[in-house]
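Down below is the structure, laid out as structure tokens.
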Amino acid sequence: MKSGYKIFWTEHAASELEKTIQYLQTEFSDKEISKLLIKLEETLELISVNPKIFPISDKKGIQKAILLKYNSIYYREINNTVEILSFFSNRQNPKKRKI
């Protein structure tokens, strides 16, 4: 990534991303995984430059970036770091979201 805020993934968010990739590997093509990872990298680049670019979610102080139709990331800015709190599959019940 270029200059900007440092990106830190929580263990929970990294685990959710890993589970999503595993699901895509079994149910979809490598093309879908590549598409997701490219969009993720682009979104993280935007966030690292301007963490306030995406709207506040329903949780105070936590922002939500929709990556693709089926995935969102939730994050917050702390000092000069952006903490990725959740990589959420939008197909799930929102009550399952843990932030």
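The values are calculated or read from the model by the stated rules, or taken from the named source; none is laboratory data. Computed from a prediction, not measured in an experiment: that's the story for all the values here. Please note: Cβ atoms are built from the backbone with ideal geometry, for glycine as well, and neighbour counts cover all protein chains shown.
A compact table of results
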quantity: Some residue of region 8-24 being at pLDDT 95 or above, surrounded by 15 or more Cβ atoms within 10 Å (Cβ to Cβ), assigned to a loop (DSSP other than H, G, I, E, B) and within 12 Å of the chain's Cα centre (by Cα); calculated: yes
quantity: Counted residues, region 68-93 - those being aliphatic (A, V, I, L, M) and farther than 18 Å from Tyr5 by Cβ; calculated: 1
quantity: All positions within region 25-45 that are under 16 Å from Ala65 (Cα atoms), of a type in the set (Asp, Glu) and either surrounded by fewer than 12 Cβ atoms within 10 Å (Cβ to Cβ) or in contact with a strand residue (DSSP E or B) (Cβ under 8 Å, 6 or more places away or on another chain) (or both); calculated: Glu41, Glu42
quantity: Subset of region 46-67 (residues that are over 12 Å from Tyr5 (Cβ atoms), among the aliphatic types (A, V, I, L, M), surrounded by 13 or more Cβ atoms within 10 Å (Cβ to Cβ) and free of Cβ contacts under 8 Å to residues at least 24 places away in the same chain); calculated: Ala65
quantity: Per-region count, region 25-45, residues closer than 26 Å to Glu83 by Cα and among the basic types (Lys, Arg); calculated: 2
quantity: Any hit, region 52-62, residues being assigned to a helix (DSSP H, G or I) and not polar (S, T, N, Q); calculated: yes
